[in-house]
Amino acid sequence: MYKRQQGGEASAGINWETIIFIAGMMIMVEGMGNAGFFRWLCMRIAKAVKYKTIPIFITFMLMASFLSMFIDSITVILFLAAVTVELAQLLKFNPVPVILSEIFCANLGGSATMCGDPPNIIIGTSLGYSFADFITHTGLIAGVCLILSLIYFYAIFHKQLVQKETLDIASFPEPKEAITSKSKFTISCIIFACAVVMLITHAQTGLSVAFI
């Protein structure tokens, strides 16, 4: 009887909703990564700003923050850091300042929502807070901190990221080359979009994050 009681107390501290949500998110992210979604997104943004290092620096910080609002921030950094290093080799700049800035911004983005970081998920599921509750109370602070971080990191690192030579952009790989399978890429985008919509509206629909 004592052993059964001990086992019940041990399992009572496990937040299964959080574990199921993180497991599902990792499966989704793995599929997105295998389809080339993150590399495609980074290369698309780099091409949109004409492969200029300072705009890449700023947009990648914003992208890290946005993606971390819906995907675990550590996972976001793992993918972004790999593409940042690849771009650094192409554009001849030091990737360390960019990766450091991405880490800070990813943490800010993760703190802004219920599903951005595991502690937020535990707090939200245990106390019944919704996605909107986190955005209302922590999102504003995270947004202000993000703006201050952009200004700070730009002031600190912009001189190190100035391009000193003209590069042959025509020789750079096309973003579509990052897509390993068009069907898997399309499916991954649809699943991610559906997950984002359901997470934002889960308070209205009554769906739990574990179900999503």
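The values are calculated or read from the model by the stated rules, or taken from the named source; none is laboratory data. On a predicted model such as this, the values are computed, not experimentally measured, just so you know. No Cβ is skipped: glycine too gets one built from the backbone with ideal geometry, and neighbour counts run over all protein chains shown. Protein only, heavy atoms only, side chains kept; ligands, DNA and RNA dropped before computing areas. Shrake-Rupley method; radii C 1.70, N 1.55, O 1.52, S 1.80 Å.
Observations on the structure shown:
- Per-pair calculated FRET efficiency, R0 = 25 Å: V197 and E174 via Cβ, rounded to 0.05: 0.25
- Inter-label distance, nm, simple model (7 Å from Cα along the C-beta direction), T136/Y152: 2.9 nm
- Potential lengthening between W16 and V144 on full extension [0.36 nm per residue; Cα-Cα distance subtracted]: 42.8 nm
- Note that segment 135-187 presents 75 Å² accessible area per residue, ligands and nucleic acids not counted, probe 1.4 Å.
- Size of charge dipole - segment 121-212 - debye, nearest 20, with Cβ of Lys, Arg +1 and Asp, Glu -1, no other charges: 60 debye
- Percent RCO, i.e. relative contact order, over the chain, from Cα pairs under 8 Å lying at least 6 residues apart: 30 percent
- Selection from V98, A112, A203 lying farthest towards where the dipole of the chain points positive, charges on Cβ: V98
- Of G124, F134, T84, farthest towards positive along the dipole that unit charges on Lys, Arg, Asp, Glu beta carbons give segment 80-168: T84
- Dipole moment magnitude, nearest 20 debye, the chain about Cα centre, only Lys, Arg, Asp, Glu C-beta charged: 400 debye
- Each peptide in 74-82, 175-183 gets a packing score, the mean of other Cβ atoms within 10 Å over its residues, and the list from highest to lowest is 74-82, 175-183.
- Cross-link pairs beyond the 21 Å C-alpha cut-off, checked among K50/K182; K92/K184; K47/K176: K50/K182; K92/K184
- Taking Cα centre as origin and charging only the Cβ of basic (Lys, Arg, +1) and acidic (Asp, Glu, -1) residues, the dipole magnitude of segment 18-99 rounds to 440 debye.
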